[in-house]
1. Does F99 satisfy the condition of being of a type in the set (F, W, Y) and either open to solvent by 40 Å² or more (accessible area, probe 1.4 Å) or out of contact with any strand residue (DSSP E or B) (no Cβ under 9 Å at 6 or more places or on another chain) (or both)?
2. In the stretch 116-137, what count of residues is obtained for those that are open to solvent by 40 Å² or more (accessible area, probe 1.4 Å) and either of a type in the set (S, T, N, Q) or touching a residue at least 24 places away in the same chain (Cβ under 8 Å) (or both)?
3. Are any residues in the stretch 80-94 within 18 Å of L58 (Cβ to Cβ), in a loop (DSSP other than H, G, I, E, B) and among the hydroxyl-bearing types (S, T, Y), and if so, which ones?
4. Quick one: in the stretch 59-93, of everything that is among the aliphatic types (A, V, I, L, M) and over 15 Å from N107 (Cβ atoms), which residue is surrounded by the most Cβ atoms within 10 Å (Cβ to Cβ)?
5. Could you go through the stretch 117-134 and let me know if any residue there is out of contact with any Asp or Glu (no Cβ under 8 Å at 6 or more places or on another chain), of a type in the set (K, R), in a strand (DSSP E or B) and under 21 Å from G64 (Cα atoms).
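The values are calculated or read from the model by the stated rules, or taken from the named source; none is laboratory data. What you see is a predicted model; the values in this text were computed from it and never measured. Every residue, glycine among them, receives a Cβ derived from its backbone with ideal geometry; neighbour counts consider all protein chains shown. To get the accessible areas, we keep the full protein, side chains included, count just its heavy atoms, and leave off ligands, DNA and RNA. Shrake-Rupley method; radii C 1.70, N 1.55, O 1.52, S 1.80 Å.
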Amino acid sequence: MTKKEKIRFILIILAILIIVGLKIVAVFWEKQQKPQAVENTQKTLQCTIQYCEFADGLIVRTEGTVSSKTPFKVFVRNLPENTQKAYIQFSMESMDLGFNRFKLLPNENNPQEWRTNALLLPICTINDDRYDMDICVNDCQNAHRIRFRAK
């Protein structure tokens with residue numbers, strides 16, 4: 001092996017190690033971004049994806065068919081007064097859905113309610129219809145989780 005070939009080989013190995021290292025860092029970062037969910041045990045009413053009321057007063061409802069084929073909207077009422085940002089995200093136990101945050105925006109028509117724009121569920125490639133929807137407020141220390149089956 002010539003000196004140029006050795007240098008080229010070392011640079012290729014170094015590039016591979018850097019890519020693997022970045023992938024490891026990205027996986028750890030993504031795991032830290034997943035919210036700690038407060039399970040449905042804190043709800044006060046029957047909780048479905050169409051309507052759910054939690055013990056702390058947070059109310060979540062959807063408009064439209066909740067599916068990966070048709071758009072729907074999510075509305076959230078009674079967020080804390082100090083809410084700076086809010087979002088929802090979907091997950092599944094059976095597969096990683098990747099990064100799929102949907103921002104909640106203040107509803108112009110109702111100041112006590114926040115809403116999403118029209119959205120679609122992330123597609124599940126293994127035909128599982130069991131989803132979790134986490135509602136996150138500010139730093140998402142205690143997400144509100146709704147477990148549901150999509151249509």
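1. yes
2. 8
3. Passing the criteria: only T83.
4. Restricting to residues being among the aliphatic types (A, V, I, L, M) and over 15 Å from N107 (Cβ atoms), the top hit is V66.
5. no
This table checks each residue for (1) modelled with pLDDT of 90 or more; (2) within 15 Å of F148 (Cα to Cα).
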{"residue": "A15", "(1), (2)": "yes, no"}
{"residue": "I19", "(1), (2)": "yes, no"}
{"residue": "Q36", "(1), (2)": "no, no"}
{"residue": "Q46", "(1), (2)": "no, yes"}
{"residue": "R61", "(1), (2)": "yes, yes"}
